[in-house]
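Before any comments, here is the structure.
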Amino acid sequence: MRNSRSSSDARYALSGKDGAIFNKDGVLLASVDTFTSTASVTNAKYNPLGNLLDLETNVSMGVKITMSQIVVEDDQLYVELFQAMESGIMPVWDFQGSLMGRNGSEERVIYRECLLSGDVTIQDLQTGDVLKRNWSLHCNAVPTLQSRLTIG
């Protein structure tokens, strides 16, 4: 077998139950059932004279957070959203994403200066379903890798 690591390391595969999202003060946002952060890189193509190959150079990068929150109670995020709509001053949040490894190691990423960007669910009522709020945010600071997962 060429790739012997894939089968021997399968026991270290993580599920969503191994993750958690915290606010900047380290308070668990337990009602968040999904959390995704993505980096989007934009390049510009160029083609120098005499070169057949298209080349690219980096132009910009953005980090976006999307999360789905199970409605249990109106928490601080929700309250701050309404305060912002009344005052016209949008909130800026910091988050911590954490994955706990099987061996006790932890991957922790700090997301700073997160602003609302796009749609935020205020209310979405559907018979027979768990009620959720969807949040979309943009990070105005580069995420910081505070600790890494390890195996072995």
Sorted by Cβ neighbour density within 10 Å, fewest at the top, the residues Tyr111, Tyr78: Tyr78, Tyr111
GNM result for the chain, Cα springs below 10 Å: residue of Asn51, Asn23, Asn134 fluctuating most strongly: Asn51
Assigned charges on the beta-carbon of Lys, Arg, Asp, Glu; the chain dipole about Cα centre (debye): 840 debye
Using alpha carbons only: equivalent-ellipsoid semi-axes of region 90-152, gyration tensor based, whole Å: 29, 20, 6
Reachable aspartates and glutamates from Lys17, criterion Cα separation under 15 angstrom, eight or more residues apart if same chain: Asp33, Glu106, Glu107
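Tell me the Kirkwood hydrodynamic radius of the chain in angstroms, computed as one over the mean inverse distance between distinct C-alpha pairs. Provide the component values of the computation, followed by the final result.
On the way: mean 1/r = 0.0543 Å⁻¹.
About 18.4 Å for the chain.
Every number in this text was worked out from the coordinates using simple rules, so none of it is lab data. Quantities reported herein were computed from a predicted structural model and do not represent experimental measurements. All Cβ positions, glycine included, derive from the backbone under ideal geometry; neighbour counts span all protein chains shown.
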